[in-house]
1. Just checking, how many residues over the range 41-60 are within 21 Å of Ala82 (Cβ to Cβ) and surrounded by 14 or more Cβ atoms within 10 Å (Cβ to Cβ)?
2. What pairs come up if the first residue lies in the range 59-78 and is on the phi < 0 side of the Ramachandran plot and in a strand (DSSP E or B), the second is buried (at least 16 other Cβ atoms within 10 Å of the Cβ) and among the aliphatic types (A, V, I, L, M), and their beta carbons are under 6 Å apart, counting only those six or more places apart or on different chains?
3. Looking only at the range 1-40, count every residue that is in contact with a Gly (Cβ under 8 Å, 6 or more places away or on another chain) and hydroxyl-bearing (Ser, Thr, Tyr) and tell me the total.
4. Pick from Pro33, Pro63: which is more than 18 Å from Val141 (Cβ to Cβ) and either surrounded by 13 or more Cβ atoms within 10 Å (Cβ to Cβ) or among the β-branched types (Val, Ile, Thr) (or both)?
5. Return yes when Ala82 is part of a loop (DSSP other than H, G, I, E, B) and under 15 Å from Ser139 (Cα atoms) and no when it is not.
6. Sort through Asp14, Asp71, Asp21 and tell me the only one that's surrounded by 10 or more Cβ atoms within 10 Å (Cβ to Cβ) and of a type in the set (Asp, Glu).
7. Quick one: what pairs do we get from the range 32-57, first residue on the phi > 0 side of the Ramachandran plot and outside any loop (DSSP other than H, G, I, E, B), second among the hydrophobic types (A, V, I, L, M, F, W, C) and surrounded by 13 or more Cβ atoms within 10 Å (Cβ to Cβ), C-beta under 8 Å, 6+ apart or different chains?
Amino acid sequence: MRVREDGKVEVREDGKHLVLDHARLPVRPSGLPPALEVVLSTNQGSAPLRISARAQAAQTTAPRYYTLGTDPKGAYHNAVAAWELYGPGEEDSRVLTPPGLRPQVADTGGKCEVTLEFLLPRPGKYRLRAAAVDLAGRSTVRWTPIVVTE
């Protein structure tokens, strides 16, 4: 697929050639996205609050895969899940990564368990976002609220 200078999209698939007037949504293979459950050690407490998060991602139609990029030695690791934290301010957000970009993943066959610890130093309302994606591009997202008091 390529976008031509005139803005039309040229698609070549399965030996066929097609020109479209505009972009199109990609066709996703049929099947289910990964199943995802998130459990926190706590979702409320006083600042500073240390939280241990655990995500269980079950494989459905295709293998789960998410990478954080390379670790300091240049190796890619399957992190299985992506973690993001929003709050307490509207403008506050951060990607939560494990130390050394080496995720803590325990694979038990059909399910992977991913754990991550993080600290919330300020009081306020937070939202933790966990996402899992499979090799076909199907994703599942879970949001978990966290309240930190003074």
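Quick note: the coordinates plus some simple rules give every number you see, no bench work behind them. Just so you know, these numbers come straight off a predicted model, no measurement behind them. Virtual Cβ from ideal backbone geometry, glycine too; neighbours counted across all protein chains shown.
1. Adding up the residues that qualify gives 10.
2. That search, which allows pairs on different chains as well, returns Arg64/Ala57; Arg64/Val80; Arg64/Ala132; Leu68/Ala79; Leu68/Leu101.
3. 0
4. None of the other options fit; the residue is Pro63.
5. Criteria not met by Ala82.
6. None of the other options fit; the residue is Asp71.
7. Gly45/Val148
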